[in-house]
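Here the structure is laid out as structure tokens; the discussion comes afterwards.
The values are calculated or read from the model by the stated rules, or taken from the named source; none is laboratory data. Computed from a predicted structure; not experimentally measured. Every residue, glycine among them, receives a Cβ derived from its backbone with ideal geometry; neighbour counts consider all protein chains shown.
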Amino acid sequence: MSDVSAALGVRLYPDLVEPGGLAPALAQTATAHQLDVGRVTAPEQGRSRFTCAEATSDRGVVCVSLGAQARYFMIDLRVDGEVQARGDATDLLQVAQVAAAWRAGTTLAELTARYPFMEEMKRHPVAHAG
């Protein structure tokens with residue numbers, strides 16, 4: 001079994017294995033649906049390079065990671081390191097739509113209204129491990 005297959009859990013995410021993980025699959029999905037999500041990156045080391053993705057824009061970062069026990073995509077919208085909104089999507093296209101909408105200037109209120117699986121966070125500083 002390849003590194004990517006082992007990291008992803010082929011049973012839950014078979015569609016992410018061939019592109020090489022979450023980040024390339026997200027980029028492909030966005031391109032296929034003509035959505036501008038910006039540059040999609042993944043961590044360079046470890047299992048997370050297959051299971052995490054970040055779409056960075058002037059407005060902040062859309063961080064995406066995978067559910068481990070069930071198939072879902074965890075989305076965090078971060079501005080200056082602070083989570084502004086988060087949610088769980090079941091479809092990678094939904095993730096791409098959220099990232100594209102955020103990048104295009106959609107407000108948090110509009111975003112949470114359009115994508116009911118997203119929830120605006122109350123303002124709490126993000127704890128930094130270290």
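Would you say R103 is surrounded by fewer than 17 Cβ atoms within 10 Å (Cβ to Cβ), of a type in the set (K, R) and either at pLDDT 90 or above or within 23 Å of A25 (Cβ to Cβ) (or both)?
no
Of the residues that make up region 52-60, is at least one of a type outside the set (S, T, Y), farther than 16 Å from P24 by Cβ and surrounded by 18 or more Cβ atoms within 10 Å (Cβ to Cβ)? Before you say what the answer is, go through the steps one by one.
Initial filter on region 52-60 (of a type outside the set (S, T, Y)): 52-55, 58-60.
Narrowing the set further to residues that are farther than 16 Å from P24 by Cβ leaves 58-60.
Filter again for surrounded by 18 or more Cβ atoms within 10 Å (Cβ to Cβ), leaving 60.
Yes, region 52-60 has at least one match.
Evaluate region 79-97: report whether one residue or more is surrounded by 19 or more Cβ atoms within 10 Å (Cβ to Cβ), of a type in the set (G, A, S) and touching a residue at least 40 places away in the same chain (Cβ under 8 Å).
Yes - at least one qualifying residue is present in region 79-97.
Among (1) more than 11 Å from the chain's Cα centre (by Cα); (2) outside any loop (DSSP other than H, G, I, E, B); (3) surrounded by fewer than 22 Cβ atoms within 10 Å (Cβ to Cβ), which single condition is A68 missing?
Looking at each condition in turn, A68 falls short on (2).
Of the conditions (1) out of contact with any strand residue (DSSP E or B) (no Cβ under 8 Å at 6 or more places or on another chain); (2) over 25 Å from E120 (Cβ atoms), A42 fails just one. Which one is it?
Result: A42 passes all but (1).
List, please: which pairs have Cβ atoms under 9 Å, are six or more places apart or on different chains, and start with a residue in region 106-121 that is within 16 Å of A89 (Cα to Cα) and end with one that is assigned to a helix (DSSP H, G or I) and of a type outside the set (A, V, I, L, M)?
Note: pairs meeting the criteria are L111/W102; R114/Q97; Y115/Q94; Y115/Q97; F117/Q94; M118/T112; E119/T112; E120/T112.
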